[in-house]
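The values are calculated or read from the model by the stated rules, or taken from the named source; none is laboratory data. Computed from a predicted structure; not experimentally measured. FYI the Cβ positions are ideal-geometry reconstructions off the backbone, even for glycines, and counts take in every protein chain you see. Ligands, DNA and RNA are stripped out before the accessible areas are found, and what is left, the full protein with its side chains, is counted by its heavy atoms. Shrake-Rupley method; radii C 1.70, N 1.55, O 1.52, S 1.80 Å.
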Amino acid sequence: VQLQACGGGLVQAGGSLRLTCTASRNIANFALLTWYHQAPGKQRELVATMTNGGMAVYGVAVEGRFTISKDNTRNEVYLDMNSLKPEDTGVYYCKAEVIRGEYYWGQGTQVTVSS
């Protein structure tokens, strides 16, 4: 499975962005679709994850500001980011877990939030 993430960019604090991750095959039955954030000099952290049934779980830092969703017909998973903060700056990666233990990473998209 190949994953292509896009939608990053430069935005002012308080602004919004939508990230999109497009998969090379149908995502409807993928066990998990997840977005991660890697801030400069830090480890990759979970932002949001969605099960194949549509249940979403969010990291504490983004709950209430970010929303994960997906479109099975387009093989896309989205991350809507609102009320962005400078600490949201970093590279955002999508990860698809087809079944437990079989997972794939996208290449990442850079988000920069200016204060």
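Structure above, values below:
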{"read-out": "Dipole in debye (nearest 20) - the chain, about Cα centre, beta carbon charges: Lys, Arg +1; Asp, Glu -1", "value": "100"}
{"read-out": "With 10 Å bins from 0: P(r) over the chain, alpha-carbon pairs, percent", "value": "15, 51, 28, 5"}
{"read-out": "Where labels lie 7 Å past Cα in the beta-carbon direction, separation of Asp71 and Ser24 in nm", "value": "2.2"}
{"read-out": "Apportionment of accessible area to carbon and sulfur, the stretch 7-115, percent (1.4 Å)", "value": "48"}
{"read-out": "Where the chain is the region considered: accessible area per residue in Å², 1.4 Å probe", "value": "53"}
{"read-out": "Using a Förster distance of 22 Å, the FRET efficiency for Ala56-Leu10 (Cβ separation, nearest 0.05)", "value": "0.25"}
